[in-house]
Amino acid sequence: MKNFVQRSLTGFLFAIVTLISILWHEVTFTLFYGVVMLLILIEYHHMLRKVHGHPLMAWQIILSILMYVGGWLVVNKVIPFSALALTIPLFFLVFITELYRRKRRIAQNLSMTFLPVIHVALPLALLVAIGYLSGEYDYRMILSIVLFTWTFDTFAYIVGVLIGKNRIAPKISPKKSWEGFIGGLVASAGLALVLSHYWAVFDPVKWIVISVLISIGATFGDLVESVLKRAAGMKDSGRILPGHGGVFDRFDGFLFAIPFVFSYLYLLN
């Protein structure tokens with residue numbers, strides 16, 4: 001009972017902070033997800049160290065901040081997109097740095113250094129781009145992704161507990177079922193229809209496609225993090241959120257879904 005109350009209170013406060021950051025101003029939105037990115041990077045680095053790797057944490061943070069802040073500057077037209085080309089040599093400086101560290105498993109260390117940048121910083125930089133899809137900050141774009149993710153996770157869990165029997169990946173996540181996935185998918189599609197009525201950003205079909213992409217991304221994002229935690233021998237990515245674990249635990253599906261939504265919105269339409 002104590003854990004349930006703790007988990008509920010943490011979840012409620014976390015949801016409030018998330019919503020305020022998105023709705024208040026574009027600056028609070030950008031700062032919030034910037035902090036989220038840094039916290040996840042720290043947890044990610046800790047996990048990778050558990051599997052006997054020696055990733056370059058300083059470079060992980062530098063490259064991630066440049067990717068995130070650079071994306072924000074580009075969409076706000078502070079700098080041209082071509083200016084991001086100046087950051088490309090930095091990725092290759094990582095290789096040079098690793099040569100002089102004289103650590104074992106050089107290839108593994110380099111791979112682990114770049115992995116969090118791709119898995120965490122890139123999706124959040126794309127999230128910023130989605131927020132400025134119309135040319136200026138539109139909280140509805142960000143809030144819809146958050147709401148779809150929360151709706152899918154909630155109903156996937158409820159339906160999975162009630163009638164879940166057929167496991168999606170029993171060796172990775174014994175509790176995640178196809179019944180839960182379908183339940184979450186249907187609930188997200190229902191939310192898409194509601195949003196299409198009140199937010200005429202997209203037509204109903206596009207809203208539903210977005211909800212489906214997020215449902216799929218959230219499912220496999222959770223499975224990917226489960227594999228990483230299992231390799232590291234960890235139950236949670238961290239302890240910063242009482243009753244929930246780490247920040248990465250809260251954003252695993254969210255991060256994985258963003259690139260799919262970005263590709264659909266920017267490349268296929």
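Once all protein chains are placed together, residue 25 keeps about 90 Å² accessible to a 1.4 angstrom probe. In the complete set of protein chains, residue-level accessible area for residue 57 is approximately 60 Å², probe 1.4 angstrom. In a fully extended conformation the segment linking residue 58 and residue 77 would gain 4.1 nm over its present Cα-Cα distance, using 0.36 nm per residue. Only helices enter the 222 nm calculation for the chain: every DSSP H run of n ≥ 4 contributes -39,500 (n - 2.57), and dividing by all residues gives -25500 deg cm²/dmol, rounded to 500.
The distance separating the Cα centre of segment 84-110 from that of segment 132-146 comes to 35 Å.
Peptides 218-228, 245-255 ranked from most to least packed, by the mean per-residue count of other Cβ atoms within 10 Å: 245-255, 218-228. The heavy atoms of residue 147 present about 50 square angstrom of accessible area, all protein chains included, probe 1.4 Å. Just add up the charged neighbours of residue 156: K/R +1, D/E -1, any other residue whose Cβ is under 12 Å from the Cβ of residue 156. It works out to a net charge of -1. Label positions at residue 102 and residue 23, each projected 7 Å from the Cα along the C-beta direction, are separated by 5.8 nm.
Here the convex hull built on the C-alpha positions of segment 54-201 has a volume of 130 cubic angstrom per residue.
Along its principal axes, the chain has C-alpha extents of 55, 44, 33 angstrom, given from the largest down. For segment 136-269, lysine pairs with C-alpha atoms less than 21 angstrom apart, excluding pairs fewer than eight positions apart on the same chain, total 8.
The values are calculated or read from the model by the stated rules, or taken from the named source; none is laboratory data. None of the values given here were measured: they were computed from a predicted structure. Cβ coordinates were reconstructed from backbone atoms using ideal geometry, including for glycine residues, and neighbour counts include every protein chain displayed. All accessible areas refer to the heavy atoms of the entire protein, side chains included, with ligands and DNA or RNA removed. Shrake-Rupley method; radii C 1.70, N 1.55, O 1.52, S 1.80 Å.
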